[in-house]
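Chemist: Let me give you the structure first, and then I'll get to my questions.
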Amino acid sequence: MSSILIHGGRVIDPAAGLDEWLDVLVVDGRIAEVGVDLAAPDGASLLAASGLVVAPGFIDLHTHLREPGQEHKETIASGARAAARGGFTTICAMPNTEPAMDSAAIIDGVLQRAQDVDCRVLPIGAVSKGREGRELTELAALKDAGAVAVSDDGDAVADTSLARRAFEYLSDIGIPLAEHCEDPAIAQGGVMHDGAVSARLGLRGQPAAAELSIVQRDITLAEAAGSQLHCCHISTEPALQAIADARARGLNVTAEVTPHHLCLTHDAVAGRGDELLYDTDAKVNPPLRTQADVQACIDALAAGIVDAVATDHAPHAAVDKQCEFDAAAFGISGLESAWPVVNSLVDAGRLTLPEAIERLTVGPVRAWSLDRGELNGLGTLKVGAPADLTLLSTDAVSRVEPDSWASMGKNTPLAGHTLVGVVAATVSQGRIVWDGREQ
Ligand code: DOR
Ligand code: ZN
Ligand code: ZN
């Protein structure tokens with residue numbers, strides 16, 4: 001028997017409406033008891049949580065691991081270590097690997113490689129073979145192999161007739177289509193948000209309408225098929241409005257926002273000083289938008305129109321970013337700064353602490369119905385749930401220092417920023433996978 005007693009923390013379990021100073025006992029990989037003054041069984045490890053929040057481990061619906069194929073950017077193991085440090089105990093891995101995760105065999109390979117890493121990895125299968133947008137994958141076989149959703153993320157499923165057939169098949173299969181909402185005919189190769197900053201920098205912009213166009217199209221297709229649309233990394237106010245309207249009509253439409261779209265605008269591309277920066281670390285898809293869009297993302301998250309904060313963790317090698325803006329890769333490494341970003345919103349009074357934790361735990365679990373079978377109780381601290389927890393400081397000030405991260409991707413425009421919030425320790429499947437309390 002292996003056990004851990006986490007004592008003296010402020011236990012916040014949004015699923016149970018719980019917010020009290022309590023102990024949590026973990027035995028053999030499950031939550032055994034939550035209560036006052038629990039006794040430590042013989043041989044138990046102790047995790048002192050005084051002054052810290054004890055929450056269910058975070059669930060990320062949107063992580064890019066680069067294995068197979070681009071292990072110089074991130075491996076499954078390094079990404080899982082980054083997750084643990086960021087408080088995440090479950091990450092859903094996007095299929096834009098090389099080769100793409102478009103067959104049961106490749107998904108099986110990823111699951112094998114993920115067996116002993118520092119968090120749970122749930123694979124997302126590709127919608128189209130090779131993510132080429134031409135031919136559907138064997139969607140049911142991907143689900144049977146363990147895919148919790150399907151997506152061609154990196155690109156939208158641009159071909160409307162292919163998207164329509166995908167939604168039709170998925171109504172029987174019962175997993176969501178996680179759409180990268182960007183209409184290529186409107187985005188036209190834009191490298192940042194189309195607006196005042198792109199004009200000033202002389203960079204090709206992609207308009208907000210590129211996002212809205214696919215969101216509206218997919219709402220129509222998902223409604224007609226009776227299946228679930230999940231809108232990835234929504235970044236604009238009109239798209240959030242369309243999602244709110246669809247939900248108000250009772251449609252099965254879920255959505256996520258990223259930490260970077262909650263705290264940065266397109267100004268980050270130009271830099272903070274007088275000199276224009278062309279910061280490639282702020283190059284991301286969807287692009288960083290306007291202050292009004294940031295505000296709309298925060299409001300929609302607080303209102304529950306958006307189910308989850310998802311990182312879109314997109315690690316890249318230094319050479320992919322140290323080049324001219326047009327040539328740089330899109331993406332921000334996000335697992336290890338997610339909690340400080342979200343908690344800083346709490347600190348600023350824009351979101352309550354239970355809301356923030358809900359959107360990182362049971363919110364994403366409910367959005368994708370992940371709490372099935374042995375994952376019953378995922379995202380909660382109920383007795384019998386998987387022993388996935390994170391210990392959080394809500395008031396410690398931290399500087400974003402990617403050089404000290406576990407992720408191989410150091411690419412973030414937040415480097416050097418001072419935020420409020422630290423992940424103190426993480427327990428994944430009954431194992432202490434991160435303990436930063438002494439560091
Ligand atoms: O910025 C992004 N990076 N957006 C995407 O859609 C893909 C991702 C990646 O894989 O690097
Ligand atoms: Zn995407
Ligand atoms: Zn992505």
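Derivation of every value follows stated rules applied to the coordinates shown; laboratory data play no part. Keep in mind the model is a prediction, meaning the values are calculated, not measured. Quick reminder, even Gly has a Cβ in these numbers, built from the backbone with ideal geometry, and neighbours come from all protein chains shown.
Chemist: 5 Å is the cut-off here: which amide hydrogens, built 1.01 Å from N in the peptide plane, fall below it relative to K410, excluding neighbours closer than 5 in sequence?
Modeler: H316
Chemist: If the reach is capped at under 23 angstrom between alpha carbons, list the lysines near K321, excluding any in the same chain fewer than eight residues apart.
Modeler: Within the straight-line cut-off, K321 pairs with K73, K283, K410.
Chemist: Give me the percent of DSSP beta bridges within the chain that run antiparallel, rounded to the nearest 5. Numbers along the way, then the final one.
Modeler: Numbers: 32 of 60 bridges.
The antiparallel fraction comes to roughly 55 percent.
Chemist: Sort 316-323, 298-305 by the packing proxy (mean of other Cβ within 10 Å over each peptide's residues), most packed first.
Modeler: Going from most to least packed, we get 298-305, 316-323.
Chemist: Just for region 79-235, what percent of DSSP beta bridges are antiparallel, to the closest 5?
Modeler: Of all bridge pairs located within region 79-235, approximately 10 percent are antiparallel.
Chemist: Cβ neighbours within 10 Å, averaged per peptide: list 238-251, 219-232 in order, most packed at the top.
Modeler: 219-232, 238-251
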